[in-house]
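One structure is given here, and the rest of the page talks about it.
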Amino acid sequence: MKHNSRREAAGLLSDSSQSSFLVSAPGRVCLFGEHSDYLGLDVIAAAISMSIEIFTEPREDNLVQVRYIDLDEFDVFSLDSEIQYRTQRDYIRSAFNVMARRGISPKHGWNLEVRGTIPIAAGLSSSSALTVAAIKAISGMAACKLETNEIALYAYEAEVAEFGESGGTMDHYASSIGGIIHVNTINNKVSKLPAELDTFVIGDSGEKKKDTVGDLRYIRSTVEREYGEIGKMIKSFNRRETQALEVQKLRRGVPSKERRMAEATLRNRDLTRQALKLLSQLTPDRIELGRMLKEHHEILRDDLERSTPKIERMISAAYDAGALGCKINGSGGGGSMMAYASKNEQEVAASIEAAGGTAYIVRVGEGVTLSLRN
């Protein structure tokens, strides 16, 4: 379907092409399937009540001026031609380029102010929320209606594909659609799950990850190589279907680090399938959910080596305060952890702070929104 056919002559989007408006896109936590989507394995994620916001004002020329309020940075570029990138991850510029290639461009310039409540480099997908917000904002500037799945895929292209990075689509779907979602990575089918969950507590360790992209690239290349080796021994090997126990039977002695990583992704796959059944219930068993989150973290910690001593201290403190389940967020090696607090959020948050982290009490959030401003 041509996007020009979607341009609306009246209503919110056509008004937004001439008026100031605000776009808000949430961060996310991966509940189950961390380090799975870029391997073609399913994930379950939840949008959270922390967000990136872009406030827009129309201009009379053809320039876009961007103020990154929290970073105290400024950018300006023209809409007259393909926009050149200043850095490897120039996400707002890339969002304009990705949309322009589809014939979706503003007819005049805009002033943008970007701010947010998502800690940067903490495993909560601040960059994906930024690109989702940018895609939504550009569609508003151009008065072009996009479905939430389209926003997610264009944001993925702007953040990941445009720069040759190794992430998957989970973050963008979670931020665009909101709620708790299951992503089938074979056909990009996204299902909203009905589970109603209590509060979570995010614990930011303050440990900034040195190379998130490099971590993802290393895990992906290592596991893909091991899948290839496994396939030489199990001719029918299929990462989505072959039983983890069948792969484990190939061991002769202590498995290599690389083999443990590959096996860990299969165990994560199976755990995610169990979680899908649990979270398909309106009121899932809280104790079982906590146990499964704990198991997921142990796989990430022990076999993928994603945790840090400080994160472990924060998790231990959260359990002492009554958390039912905890896990590290995102690529790991620093960043943040999450605790399923289930009505003990204040105590859990205080314990995380006492362990040296910064705590945020969050709930499951809604997806990307656009609202007009006077």
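The values are calculated or read from the model by the stated rules, or taken from the named source; none is laboratory data. Being a predicted model, the structure only gives us computed values, none of them experimental. Note that we place each Cβ from the backbone using ideal geometry, even for glycine, and neighbour counts take in every protein chain shown.
Quick look at the numbers
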read-out	value
Identity of the residue in the stretch 107-126, out of contact with any Lys or Arg (no Cβ under 7 Å at 6 or more places or on another chain) and among the hydroxyl-bearing types (Ser, Thr, Tyr), that ends up surrounded by the most Cβ atoms within 10 Å (Cβ to Cβ)	126
Hits in the stretch 243-257 - residues which are part of a helix (DSSP H, G or I) and more than 22 Å from residue 43 (Cβ to Cβ)	245, 246, 248, 257
Selection from the stretch 302-333 of residues that are surrounded by 19 or more Cβ atoms within 10 Å (Cβ to Cβ) and assigned to a helix (DSSP H, G or I)	311, 314, 315, 317, 318
Within the stretch 99-132, tally of residues that are within 18 Å of residue 20 (Cα to Cα) and in a helix (DSSP H, G or I)	0
Candidates 271, 293 - the one that is of a type in the set (A, V, I, L, M), under 30 Å from residue 344 (Cα atoms) and either touching a Gly at 6+ places or on another chain (Cβ under 6 Å) or surrounded by fewer than 16 Cβ atoms within 10 Å (Cβ to Cβ) (or both)	293
Residue list for the stretch 334-362, restricted to those being modelled with pLDDT under 95 and surrounded by fewer than 21 Cβ atoms within 10 Å (Cβ to Cβ)	342, 343, 344
Count of residues meeting criterion [farther than 28 Å from residue 216 by Cβ and out of contact with any strand residue (DSSP E or B) (no Cβ under 8 Å at 6 or more places or on another chain)] in the stretch 318-350	7
Residue within the stretch 79-92 that is among the small types (Gly, Ala, Ser) and part of a loop (DSSP other than H, G, I, E, B) present	yes
Selection count, the stretch 98-132, where residues are under 25 Å from residue 216 (Cα atoms) and more than 18 Å from the chain's Cα centre (by Cα)	1
